[in-house]
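Enquirer: Would you mind keeping the following structure in view while I ask a few things?
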Amino acid sequence: MARADSSASETAAPMPLKKPDLLDQLATRSGLKKRDAKLALDATLALIGEALARGDDLLLPPLGRVRVVKAKDLGAGAQLLTLKLRSGKDASQSGKTGLATAVEDV
C-alpha cells in the first residue's frame, strides 16, 4: 500500500503509514531480512515510546526534533501526548538515507 502523494486531491485524506508498510520499506532500504528488520523496528519504536513517555526531547535527523508539549495520564499506564515536530531537511534532497554504508562507523 503506497502513501498518498501530497499533490493528490486535497479532499482525500492521506493514508497513514502503518507498521507493516514501514517494516516492508525498512527491509527493502536496509537490505535486512524481514525478520531482522522487524526486531530492529520493534526495538526502535519501543525506545522512542519510552523516551516520549518520560518527556524527553528527541533529535532524530533527518526526521527532525520531537518534543512533548503536553502530557495527560489516562490511567492504567496509558498517556495522551501532544507532540511538536520540527522537521529537518528532507533526506532525499541531501542524498542521505539515514543508513550507514559498509565503510562508515556504526
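The values are calculated or read from the model by the stated rules, or taken from the named source; none is laboratory data. If you're wondering where the values come from, they're calculated on a predicted model, not measured in any experiment. Virtual Cβ from ideal backbone geometry, glycine too; neighbours counted across all protein chains shown.
Enquirer: Against the definition (surrounded by fewer than 13 Cβ atoms within 10 Å (Cβ to Cβ), at positive phi and at pLDDT 95 or above), how does Gly98 come out, yes or no?
Expert: Against the criterion (surrounded by fewer than 13 Cβ atoms within 10 Å (Cβ to Cβ), at positive phi and at pLDDT 95 or above), Gly98 does not qualify.
Enquirer: Another question, if that's okay. Give segment 19-65 a look and list any residue that's within 19 Å of Leu85 (Cβ to Cβ) and either touching a residue at least 40 places away in the same chain (Cβ under 8 Å) or assigned to a loop (DSSP other than H, G, I, E, B) (or both), or say none.
Expert: Gly55, Asp56, Asp57, Pro61, Pro62, Leu63
Enquirer: Scan segment 50-63 residue by residue and report those that are within 16 Å of Leu17 (Cβ to Cβ) and either surrounded by fewer than 12 Cβ atoms within 10 Å (Cβ to Cβ) or touching a Leu at 6+ places or on another chain (Cβ under 9 Å) (or both).
Expert: Leu63
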